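Quick note: the coordinates plus some simple rules give every number you see, no bench work behind them. None of the values given here were measured: they were computed from a predicted structure. Because the Cβ atoms are built from the backbone with ideal geometry, glycine has one as well, and the counts that use them run over all protein chains shown.
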Amino acid sequence: MNKKRKIDKIDIIVFIVLTMWGLSILIPFVNVLAVSFSTQKEYLETPLLLWPKKPTLENYAALFRNGRILIGYRTTLQLIGIALPVNLFLTICAAYGLSRKGYPGRKLFMKFVVFTMLFSGGIIPLYLTVRSYGLIGSLWGVALSTGLNTFYMIIMLNFFASLPDSLIESAKLDGAGEYTIMFRIILPLSKAVLATVTLYYLVDRWNEWYHAMIMIRDTAKTPLQVILRSIILDSQLLDEVVTESVDIFSFSDGLKMGSIVVVMLPVMCVFPFLQKHFVKGVLIGAIKA
Amino acid sequence: MSKINTVSHSSPQNSKKTYFQRLIQGIWKNRGIYMILLPVLLWYILFQYVPMAGLQLAFKDYKVNLGIWGSPWSGFKHFNRLFSNPRFFNSVLLTLRINIGRLFITFPFPIILALLLNELRMNRYKRTLQTIFTFPNFLSWVVVTGITINVLSFDGLVNSLIRVFGGTPVSFIGNESLFIPLVFATEVWKSAGWGSIIYLAAMAGIDPGLYEASDIDGATRIQKIIYITLPSILPTVTVMFILATGNIMKKGFEQVFNLSNPAVRNVSEILDVYIYNITFRAVPNFGYSTALSLFRSVVNLFFLVIANAGSKWLTGSGLFGMEENQNE
């Protein structure tokens, strides 16, 4: 297919458009990094800051002195520790149970699941329900309300359903129960889809923000994204409203960008290496569509 | 454990049993599966269906001490208030304006990107570009907003460029007329690359014979795109468009909420933001907020049903057709 051909006009146009598009994504990141390593003075004096002349770690030092980011890191890691096993356990059980065939109630259960994709209570009833369980202010409230993502479950279900039935049949003849079949036979064959779904959940929990903002008001238990939001956005509002207030920690642009870097760094570091696992989910989902 | 039952599965006396007996036998035989599904069922009940039942608050006056079920009924009071509130209508219109706008403005970008990538013949460069294009999709809107504000602020990159070329700096963030275009632009920036993957996969599935045949006929590259590539990915485009239609009422809270600020209040209060504002930024009236929630869910259901009908009509299978697929 890739025969050597002469470079024509279209090649040049395609190359230029894609390169520009790529740069429009890349340059903002470079700028964020550059600002995070610059002093406020250099930031204000240098237009088109892409490379700081006198790089400084002052912003990062200030950020960690302030301590809120560390609270955020700790909370987010705790949240992942609680929520990821819950997410995965529910997703695997649902996908396995629904991938099995020929038992009474399967269709009904499927309808029960699909209905929640069509219709949901929305955030207010969810909030009140979680409150009635006494889980407001607890990471468990956030973890359990994210519980299971039906789309990810369907990706896994599609994968399980594509495995040959004979695997399960022969295991049953050998006297294996459903749990044994799920853990010993199906899951070891499903490492690819497990990796993909785990990554999706990891990213979602890392980016968890809305539920946490609503359900957790205690500043000592706020996840990373909520803290980042208050550093970037609330201080922007504070600048306008109360500039002189003493007790408000003033955030320089460098510090705000530093906090962005700190929050996205883990995703940035692993993404290039795990990209193919992320993509796999789309492709498994696409088989169905 | 269920060995004996499995073996006796197809024994002849099966046919003599009544429906009820066979049902009981079927349930007992598959009890392992039910045990696996039990936690899932519990979760769906506790965190999906109980909140759904909580929608009854839309017809009640919520009293904290009485809870959702014990609060007194109040009829359509909240809906009367809702439908006479201009702020509510503005938020609905704005939601439709932004999210229908997405269907026509941001929707084509992943397709264009996929077409461009498909035409790029430098494979290593293509892979690098794809990594760059897909990465922003995995950042939260909080991060993307932070980056956007940094680039578009008065001292930011774009305004610096404008100054270099002698223009006057523009307030991108606090400008009502630029807010909705900004929503579209950031959406493309964040998600177009990720969205292009599904189209690239569809393109990879096109029979190379089609292109070879067209080479013999002397087709140009543009002709090949128009007459082979585009028609081949049309089914995927249709499905994606229909899926997007089903999100008209739901999409965009995190994005719009984070991008908005007091200066653009009039063009940023979509339905979900309105619900948030009156519930978590004011003294809440949970009955009224729930009425809004119910309205949103019902309208969204309406769009999904239309989308589903459209999908059945165009592609022959519904959006939620996996039950049929798996049961054959």
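As an exercise, find the ratio Rg/Rh for chain B from alpha-carbon atoms, using the Kirkwood inverse-distance average for Rh.
A ratio of 1.08.
Translational D (Stokes-Einstein, µm²/s) of the stretch B:107-166 at 20 °C and 1.002 mPa s when Rh comes from the Kirkwood sum over C-alpha pairs?
The Stokes-Einstein estimate is 153 µm²/s.
I'd like the Kirkwood hydrodynamic radius of chain A, using the inverse of the mean 1/r over distinct C-alpha pairs, in Å. Numbers along the way, then the final one.
Details: mean 1/r = 0.0437 Å⁻¹.
In chain A this quantity evaluates to 22.9 Å.
Taking the Cα atoms only, what angle lies between the long axis of helix A:123-132 and the longest principal axis of chain A, rounded to 10 degrees?
The angle comes out near 80 degrees.
Give me the inter-chain shielding for A:89-95: mean count of other chain Cβ atoms within 10 Å, whole number please. Don't skip to the answer; put the middle values down first.
Details: counts 3, 6, 1, 2, 9, 7, 1.
If you average over the peptide's residues, the count of other-chain Cβ atoms is 4.
How would you order B:91-102, A:115-126, A:10-21 from highest to lowest mean count of nearby Cβ atoms within 10 Å?
The packing order, highest mean first, is A:115-126, B:91-102, A:10-21.
Net charge around B:Asn266, counting only other residues with Cβ within less than 15 Å of its Cβ (Lys, Arg = +1; Asp, Glu = -1)?
Net local charge, B:Asn266 excluded: +1.
Can you give the FRET efficiency to the nearest 0.05 for B:Ala213 and B:Tyr19, using r as the Cβ-Cβ distance and R₀ = 35 Å?
0.05
Let's test the formula: R0 of 35 Å, r as the Cβ-Cβ distance of A:Ala195 and B:Ile100. What FRET efficiency results, to the nearest 0.05?
Efficiency, from the Cβ-Cβ distance: 0.45.
Using Cα atoms only, what is the angle between the long axis of helix A:106-118 and the major principal axis of chain A, expressed in degrees (0 to 90) to the nearest 10?
For A:106-118 against chain A, the angle is about 20 degrees.
If you take every residue apart from A:Ala83 with its C-beta less than 12 Å away from the C-beta of A:Ala83, what net charge results, scoring Lys and Arg +1 and Asp and Glu -1?
It works out to a net charge of -1.
Grab every C-alpha pair in the protein assembly as shown, bin the distances at 10 angstrom width from 0 up to the longest one, and report whole percents.
Each 10 Å bin holds this share of Cα pairs: 3, 14, 23, 25, 19, 11, 4, 1, 0, 0.
So what J values fall out for the stretch B:18-23 if you push phi through Karplus, 6.51 cos²θ - 1.76 cosθ + 1.60 with θ = phi - 60°, rounded to Hz, Gly and Pro as x?
6, 4, 4, 4, 5, 4
By how many nm would the segment from B:Val305 to B:Ser177 grow when fully extended, if each residue of separation counts as 0.36 nm and the alpha-carbon distance is taken off?
42.8 nm
Using the Kirkwood radius built from alpha carbon pairs, what does the Stokes-Einstein equation give as D for the stretch A:129-170 at 25 °C and 0.890 mPa s, in µm² per second?
Values: Rh = 12.9 Å.
In µm²/s, the coefficient is 190.
Show me, for the stretch A:98-103, the HN-Hα J-couplings you get by feeding each phi into the Karplus relation (A = 6.51, B = -1.76, C = 1.60, θ = phi - 60°), rounded to Hz, glycine and proline as x.
7, 7, 6, 10, x, 10
Using a 7 Å offset from the Cα along the Cα-to-Cβ direction at both B:Val283 and B:Arg121, what is the distance between the two label points in nm, to one decimal?
So the two model labels end up 7.2 nm from each other.
Under a plain spin-label model, where a point goes 7 Å from the Cα along Cα-to-Cβ, how far apart in nm are A:Ile16 and B:Phe89?
It is 5.0 nm.
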